[in-house]
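Beneath this line is the structure, given in structure tokens, with notes to follow.
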Amino acid sequence: DVKVTQSSRYLVKRTGEKVFLECVQDMDHENMFWYRQDPGLGLRLIYFSYDVKMKEKGDIPEGYSVSREKKERFSLILESASTNQTSMYLCASSSPTDTNYGYTFGSGTRLTVV
Amino acid sequence: QKEVEQNSGPLSVPEGAIASLNCTYSDRVSQSFFWYRQYSGKSPELIMSIYSNGDKEDGRFTAQLNKASQYVSLLIRDSQPSDSATYLCAVSLNSGGYQKVTFGTGTKLQVIP
């Protein structure tokens, strides 16, 4: 019954590495989002996409990029990982036609950059 | 002023009591309001949404919205230890043709057996 799948639950990467976080949803949702969650700071929006090949910057896009080549897949890329990007990364999807218009989140990826 | 404010807690209630979680928001044109539950180490899960002033009930949960006071709350009746989690308030508004959702930092609820 998994609807939003994130490729890794835990990830450890070295400073300077290029990191790919993958997210796939099977609900045919148009909208997809990447957040990071840090203690005391809550959920902060990195990037979002409302359609294939479309992307918009969120509140904290610096150091990140995204790719959406197919409707079901939204990838987050850390161009050159840094220790301040150690965080929980959450992917979410939603549909504007959904009566609740809420988000369905993936299980999250806890990334540690050493 | 934060866009969405919640008391971080922890809010401790005895089992069987009513837990009351509160949230205020700053943007008067906000349109949709959501409550998510997040267990420790897990991702948020949508439990309630509300769009109109008044109350909306779903089982043991009641969401209350007062747009004039820019206030939304979540009541949990007959609280159970399994309700112990962090509850996130989220507020949505139309911004530049998109729905912009802002989350509060969450209130940690502890239900004491």
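Any read-out appearing in this document is the output of simple, stated calculations on the displayed coordinates, not a laboratory observation. Quick caveat: nothing in here was measured; it's all calculated off a predicted structure. Positions of Cβ are generated from backbone atoms using ideal geometry, with glycine treated the same way; all protein chains shown enter the neighbour counts.
Annotation: the residues A:Met88, A:Met32, A:Met54, sorted from fewest to most other C-beta atoms within 10 Å of their own C-beta, follow the order A:Met54, A:Met88, A:Met32.
Descending by average beta-carbon neighbour count within 10 Å, the peptides A:67-74, A:89-96, A:18-25 line up as A:89-96, A:18-25, A:67-74, the highest first. For the peptide A:38-45, the mean number of other protein chain Cβ atoms found within 10 angstrom of a residue's Cβ is 4.
Could you order peptides B:38-44, A:45-51 by the average number of other Cβ atoms within 10 Å of their residues, highest first? List each step's numbers first, then the result.
Working: B:38-44: 15.9, A:45-51: 19.9.
Ranked by mean Cβ neighbours within 10 Å, highest first: A:45-51, B:38-44.
Across peptide B:46-52, the mean count of Cβ atoms from other chains lying within 10 Å of each residue's own Cβ comes to 3. Here chain A was treated as a single set of alpha-carbon atoms; its pair distances binned every 10 Å from 0 give 15, 50, 30, 5, 0 percent.
Listed by chain and number, the lysines placed with their C-alpha closer than 28 angstrom to that of B:Lys42 are A:Lys3, A:Lys13, A:Lys18, A:Lys55, A:Lys57, A:Lys70, A:Lys71, B:Lys2, B:Lys56, B:Lys100, B:Lys108; residues fewer than eight positions away on the same chain are left out. What's log10 of I(q)/I(0) for the protein assembly as shown at q = 0.18 Å⁻¹, Debye sum over Cα points only, no solvent? Log10 I(q)/I(0), no solvent term: -1.36.
When the Gaussian network model of chain B links Cα atoms closer than 10 Å, the mean-square fluctuations of B:Leu88, B:Leu21, B:Leu75 top out at B:Leu75. Cβ-to-Cβ counts within 10 Å put A:Leu41, B:Leu109, B:Leu93 in ascending order as A:Leu41, B:Leu93, B:Leu109, the fewest first.
Among B:Arg28, A:Arg110, which comes first, then next, by fewest other beta-carbon atoms within 10 Å?
Lowest count first: B:Arg28, A:Arg110.
Round to a whole angstrom and tell me the spacing of the C-alpha centers of region A:15-84 and region B:1-59. The distance from the Cα centre of region A:15-84 to that of region B:1-59 comes to 25 Å.
Looking only at other chains, what is the average number of their beta-carbon atoms within 10 angstrom of each beta-carbon in A:26-36?
Details: counts 0, 0, 0, 0, 0, 3, 0, 1, 0, 4, 0.
Counting Cβ atoms of other protein chains within 10 Å of each residue's Cβ and averaging gives 1.
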